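Notes follow the structure.
The values are calculated or read from the model by the stated rules, or taken from the named source; none is laboratory data. This is a predicted model, so every value here is computed, not measured. Glycine gets a Cβ as well: all are built from the backbone with ideal geometry, and neighbour counts include every protein chain shown. Just so you know, the surface numbers come from the protein's heavy atoms only, side chains and all, with ligands and any DNA or RNA stripped out. Shrake-Rupley method; radii C 1.70, N 1.55, O 1.52, S 1.80 Å.
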Amino acid sequence: MTDVLTKFTRKVPQWRPRLTPVDLQLATDEQLAALKVTPSNTKVSAYVLTLAHDVESLAVRSPLFNAIMYDTGGMRRAERELGALGSSMVNHCVYCAAVHADRHTQIENSTDVTDALFRDGVQADLGQRDRAIFDFAVALSACPPAATDAHMDALRDAGLDSNEVLDLILSVSLFGCANRLMHVLGDPVRPAEDISKTGRM
């Protein structure tokens, strides 16, 4: 049985790249400069080290990522994560969905929303504001996009202002790109410790 994950989970899986990530010990000055502005606050991930092969793109991508997902003001951080989660679910990016579900849970100190979404999908029972945000993220992430005036009206009715709507559009769009990069460059896999516990892959 393959060890590649295909079901959504809040437990962030390992990510297995299809090409060898940049070795920090062998990285060029340009690569190291770009890697300093990655959003990770713990360590440089294998994904970002893989992106470092294209240092010019990484140097632009990381500040853009930080600005969209972490800047103060505008939409609440948890709601940006919910938008990114909606995009990741539509694009079936198991790794990104896990990351954003986990971050949403940590920020909100509650698993209610992510439990409902992973259990019931787009039909999950959500509050008005979360419902409007998630529905818009799903519609905008469809191919072709299916967002309509009705989705915008629902966002307004839920109390979002123009800056919050812009933040939502940016977070959803960012992961329309990021999800596809994750799919092309590698796979989400079960952590080795999980495999050792079950004896199965």
Note to self: Please list, by residue number, everything in segment 121-148 whose backbone N is under 13 Å from a paramagnetic label point 7 Å out along Cα→Cβ of ARG180.
What the structure shows: 141-145
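Leaving out ligands, DNA and RNA, and with a 1.4 Å probe, what % of the accessible surface on segment 60-201 is carbon or sulfur? Walk me through the numbers on the way to the answer.
On the way: 3640 of 6690 Å².
Summing carbon and sulfur atoms, their accessible area is 54 percent of the total for segment 60-201.
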Check: Taking K and R as +1 and D and E as -1, what net charge do the other residues with C-beta under 12 Å from the C-beta of HIS151 add up to?
Finding: -2
Note to self: Charges on Cβ only, +1 for Lys and Arg, -1 for Asp and Glu, centred on the Cα centroid of the chain; of LEU85, GLY176, TYR47, which one is farthest towards the dipole's positive end?
What the structure shows: TYR47
Margin query: Helix-only mean residue ellipticity at 222 nm, the chain, DSSP H runs n ≥ 4 weighted -39,500 (n - 2.57), per residue, nearest 500. What is it?
Written below: -18500 deg cm²/dmol
Notebook entry, point to check: What is the sum of charges around ALA98, taking Lys and Arg as +1, Asp and Glu as -1, for the other residues whose C-beta is under 9 Å from the C-beta of ALA98?
Noted result: +1
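Find out how many positive minus negative residues lie around GLU81, taking Lys and Arg as positive, Asp and Glu as negative, among other residues whose Cβ is under 13 Å from that of GLU81.
On the way: positive: ARG10, ARG76, ARG77, ARG80, ARG103; negative: GLU79, ASP102, GLU108, ASP130, ASP167.
Here the count lands on 0.
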Check: Which of the aspartates and glutamates could be linked to LYS43 by a straight reach, that is with a Cα gap under 16 Å, when you skip same-chain ones fewer than 8 residues away?
Finding: ASP23
Next item on the list: Return P(r) of the chain (all Cα-Cα pairs; 5 Å bins starting at 0; whole %; ordered from short to long distances).
Entry: 1, 7, 15, 19, 19, 16, 11, 7, 3, 1, 0
Check: Under the Cβ-under-4.7 Å rule, which cysteines of the chain stay unpaired?
Finding: CYS143, CYS177
Next item on the list: Return one whole number: the accessible area per residue of the chain in Å², for a 1.4 Å probe.
Entry: 53 Å²
Notebook entry, point to check: What shape does segment 6-104 take by its C-alpha gyration tensor, where a ≥ b ≥ c are the square roots of the eigenvalues and a/c under 1.5 counts as rounded, a/b above b/c as prolate, and the rest as oblate?
Noted result: oblate
Checklist line | Gain on full stretching of the segment that runs from LYS36 to ASN109 - 0.36 nm per residue minus C-alpha separation | finding: 23.3 nm
